[in-house]
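Reading through the C-alpha cells given below for one structure.
The values are calculated or read from the model by the stated rules, or taken from the named source; none is laboratory data. These figures come from a predicted structure and were not determined experimentally. Every residue, glycine as well, gets a Cβ built from its backbone with ideal geometry; the counts of neighbours run over all protein chains shown.
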Amino acid sequence: MGLSILTLTKGGVALGKQLKKHYPNATLYTLEKYIEDETVPIKPSLDGIIQELFVTHNVLVFIMATGIVVRKIAPYLKDKTTDPAVIVMDEKGDFVISLLSGHLGKANEWAHTISHKIKATPVITTSSDLNHIMAVDTLAQKLQCAITDMKMAKILTVSLIEGHKVGVIADESYDHKIQKPYVWLDDIESPKENIKGYVYIGHTKPKNPKEPYLWLVPQDTIIGIGCKKGKTKEDIEMALEKALKKVNRCKASIKKIASVSIKKDEKGLLDLATDLNVPIEFYDIETIKTVEDQFKGSVFVQQTIGVKAVSEPCGYIGSNYGKCLVPVEKNNGITISLWEGEKEDNSSEST
C-alpha cells in the first residue's frame with residue numbers, strides 16, 4: 001500500500017516532483033515523452049495502471065482534469081469500504097479535490113494535508129465536513145471499529161446533519177475525546193435529550209437495542225496462523241471460526257493476520273486476508289526467535305523451518321506483544337491463536 005501520483009502533462013510532472021519532496025516514497029507516473037528522473041512511465045496504458053493501483057495502493061493523486069479521472073476510475077469502483085482515496089489536483093497546484101473515499105479512505109484528510117504542504121486550497125464536498133460534524137463512518141474509523149451496516153451509518157449521519165444527537169453505548173471504556181453531537185451513555189436507560197439514534201460498540205451484537213441503531217465492532221483481534229503447504233482459504237477459515245467462537249468474537253473484529261515469512265506465497269493465507277479485507281504480516285525466522293522461548297512448540301517444526309512455533313509467536317509480535325485471547329489450537333495441519341492488540345490513539349476533538 002502507498003501513495004501514487006499520476007499526470008499527463010509536463011506541468012503535472014513538475015507539481016508531482018514537488019509532492020515527492022513531501023512524500024519521497026510516492027511513485028510518480030507520467031507519459032513516456034515526459035519521463036525524467038524520479039518518474040515512471042505509464043505502461044501499458046493509463047487504464048491498466050489505474051486498475052492495478054486500485055488494488056495495490058490506498059491513495060491515488062491525479063494531476064489532471066477531474067472529468068478524465070471520473071471516466072477512468074469508474075470501471076474500478078467497488079465499495080466505499082475498500083476503494084482507495086482519490087485526490088485530483090490542477091497542474092498549477094491551486095486546488096486539491098477530495099474526489100473519492102473522503103471518510104473511510106481519508107481522502108478529505110489527505111486533501112487538507114497536501115493543501116497545507118503546497119499552500120493550495122482543499123476542496124471538500126461531504127456535507128458532514130462542511131457542517132463541521134463528524135460522520136458516523138469517521139467516528140468508527142477513529143475508534144478503530146468495523147461498521148456492520150453502511151446504510152445505517154449513512155442514516156445516522158444524515159440525522160446528525162439535521163441537528164439531532166446520536167447516543168453512544170460501549171461495552172468497554174474509551175477516551176471520550178469525541179463529543180458533540182455524540183452523547184456517551186452508560187446504558188440505554190441513561191437520561192437523554194433529542195437523541196434520534198444509537199451507536200453500540202462491542203464484540204457482541206446488542207440485545208434488545210433501541211431503533212435506529214448501528215453496531216460497531218472493535219477491530220482489535222490479531223490472528224496468528226501457521227499451516228501446512230496447500231491449505232485452502234476454506235480450510236483455514238473453518239479453523240478460524242472455531243477459535244473466534246471460543247471468545248464470542250466475529251470476523252469483523254479481525255485487525256490483521258500474522259504468519260512466518262516462508263508462508264508469504266501461501267495462497268490459502270493470502271486469499272483469506274483478501275476475503276477479510278485485512279492486512280497480513282509475515283515475520284522472518286530471526287524475528288520469531290526473539291520471542292519463541294515464551295511458547296511451547298514442536299521439534300518437527302523446529303527441524304523444518306528453524307523455529308519451534310509459528311502461530312503464537314507471530315500473533316504475539318503482530319499484536320505488539322498484546323494479550324492472548326485463545327492459545328494455539330491445532331486443526332488438521334493448521335495452527336491458530338487469537339490475540340488482542342493495543343488501541344492506537346486516533347480520537348480527536350469534535351465540536
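Note on the range 261-273: residues that are out of contact with any strand residue (DSSP E or B) (no Cβ under 9 Å at 6 or more places or on another chain) and polar (S, T, N, Q) total 0. Of the residues making up the range 273-315, those that are under 18 Å from GLU329 (Cα atoms) and either among the small types (Gly, Ala, Ser) or in contact with a helix residue (DSSP H, G or I) (Cβ under 6 Å, 6 or more places away or on another chain) (or both) are GLU292, PHE295, GLY297, SER298, VAL307, LYS308, ALA309, SER311, PRO313, GLY315. The criterion of being more than 19 Å from GLY230 (Cα to Cα) and touching a residue at least 12 places away in the same chain (Cβ under 8 Å) does not hold for LEU269. The residue pairs whose first member lies in the range 94-109 and is in the same structural domain as GLN18 (by TED's automatic domain parsing) and over 12 Å from VAL61 (Cβ atoms), whose second member is aliphatic (A, V, I, L, M) and part of a loop (DSSP other than H, G, I, E, B), and whose beta carbons are closer than 8 Å, counting only pairs six or more residues apart or on different chains, are ASP94/ALA120; PHE95/ALA120; GLY102/ILE124; HIS103/ALA135; ASN108/ILE124.
How many residues does the range 96-120 hold that are under 20 Å from LYS142 (Cα atoms) and touching a Leu at 6+ places or on another chain (Cβ under 8 Å)? So the count comes out to 2.
Hey, any hits in the range 70-90 for a residue that's polar (S, T, N, Q) and within 30 Å of ILE133 (Cβ to Cβ)? Within the range 70-90, one or more residues are polar (S, T, N, Q) and within 30 Å of ILE133 (Cβ to Cβ).
A count restricted to the range 109-137 and to residues that are in contact with a helix residue (DSSP H, G or I) (Cβ under 6 Å, 6 or more places away or on another chain) and closer than 30 Å to ASP275 by Cα stands at 3. A single entry from LEU19, LEU6 fulfils the requirement of being at pLDDT 95 or above, of a type in the set (A, V, I, L, M) and not in a helix (DSSP H, G or I): LEU6. Is it true that VAL69 is at pLDDT 95 or above and outside any helix (DSSP H, G or I)? Here the answer is no, as VAL69 does not meet what is asked. State yes or no: is THR126 hydroxyl-bearing (Ser, Thr, Tyr) and either closer than 27 Å to ASN248 by Cα or more than 22 Å from the chain's Cα centre (by Cα) (or both)? Here the answer is no, as THR126 does not meet what is asked.
Screening the candidates GLY48, GLY12 for the property of being in the same structural domain as ILE118 (by TED's automatic domain parsing), over 21 Å from ASN108 (Cβ atoms), part of a helix (DSSP H, G or I) and touching a residue at least 24 places away in the same chain (Cβ under 8 Å) yields one hit, GLY12. Give me the residue from the range 54-66 that is of a type in the set (A, V, I, L, M) and at pLDDT 95 or above and, out of that set, surrounded by the fewest Cβ atoms within 10 Å (Cβ to Cβ). By that ranking, first place goes to ALA65. Condition first: in a loop (DSSP other than H, G, I, E, B) and buried (at least 20 other Cβ atoms within 10 Å of the Cβ). Now tell me which residues in the range 91-119 satisfy that. GLY93, SER101, GLY102, HIS103, LEU104, GLY105 - these are the residues of the range 91-119 that are in a loop (DSSP other than H, G, I, E, B) and buried (at least 20 other Cβ atoms within 10 Å of the Cβ). Whenever a residue of the range 76-91 is under 16 Å from VAL13 (Cα atoms), its partners that are of a type in the set (D, E, K, R) and modelled with pLDDT of 95 or more, lying with C-beta atoms within less than 9 angstrom and at least six residues away or across chains, give the pairs GLU91/LYS10. If I filter the range 207-230 down to residues being aliphatic (A, V, I, L, M) and closer than 24 Å to THR335 by Cα, which single residue comes out as farthest from the chain's Cα centre (by Cα)? Checking each candidate, the answer is ILE225. The numbered conditions (1) in a loop (DSSP other than H, G, I, E, B); (2) touching a residue at least 40 places away in the same chain (Cβ under 8 Å) are all true for GLN141 except (1).
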